[in-house]
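Step one of this worksheet: look at the structure below.
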Amino acid sequence: MGKFDRFCQSCGMPLEKDEGKGGTNQDGTKSSLYCSLCYRDGAFTGSFTSSREMVKFVKGKLKEMGMGPLKRWFYTSHIPRLERWQKK
């Protein structure tokens, strides 16, 4: 198990916090890599093409949740190192 295995490999959310308990593969099975917000039916949701876009989106959501700049940075700083973004 790697350092980030417990996190969605797209947005960085802790998988234990995912209300959908994981994204779904094309065959309907649960994905062990991605959360239900990022991955459905074997495809990524949203139109994100880079980790930079994902970081900006997640920071916006965290701001809506009332988190300050330091926490927003902390929770998004690892996103570029997640598996989805390493393939680019």
May I ask for the net charge around Lys63, where only other residues with Cβ less than 14 Å from the Cβ of Lys63 are counted and Lys, Arg are +1 while Asp, Glu are -1? +4
Could you line up Glu64, Glu53 from fewest to most neighbouring Cβ atoms inside 10 Å? Glu64, Glu53
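Report the full-extension gain for the segment Glu53 to Arg6: residue separation times 0.36 nm, less the Cα-Cα distance, to one decimal in nm. Don't skip to the end; give the middle numbers.
Details: separation 47, 0.36 × 47 = 16.92 nm, distance 2.17 nm.
My answer for the length gained is 14.8 nm.
Under the definition of Cα pairs under 8 Å and six or more residues apart, what whole-number percent is the relative contact order of the chain? Intermediate results must be reported in sequence, preceding the final value.
On the way: 116 pairs, mean separation 23.8, N = 88.
Relative contact order here is 27 percent.
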Positive end of the charge dipole of the chain (Lys, Arg +1 and Asp, Glu -1 on Cβ, about the Cα centre): tell me which of Thr49, Cys35, Trp73 has its Cα farthest that way. Trp73
Excluding same-chain pairs closer than 8 in sequence, count the lysine pairs in the chain whose Cα atoms lie under 16 Å apart. 7
Cα principal axis extents for the range 15-86, largest first, Å: 39, 25, 18
Suppose R0 equals 25 Å; then what is the FRET efficiency for Gln26 and Met65 from their Cβ-Cβ distance, rounded to the nearest 0.05? 0.20
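So for Glu19, Glu83, fewest C-beta neighbours within 10 Å to most, what's the order? Please list the in-between numbers first.
Values: Glu19 7, Glu83 15.
Result, fewest neighbours first: Glu19, Glu83.
Read-outs: derived from the displayed coordinates by stated rules, not from any lab. Being a predicted model, the structure only gives us computed values, none of them experimental. Every residue, glycine as well, gets a Cβ built from its backbone with ideal geometry; the counts of neighbours run over all protein chains shown.
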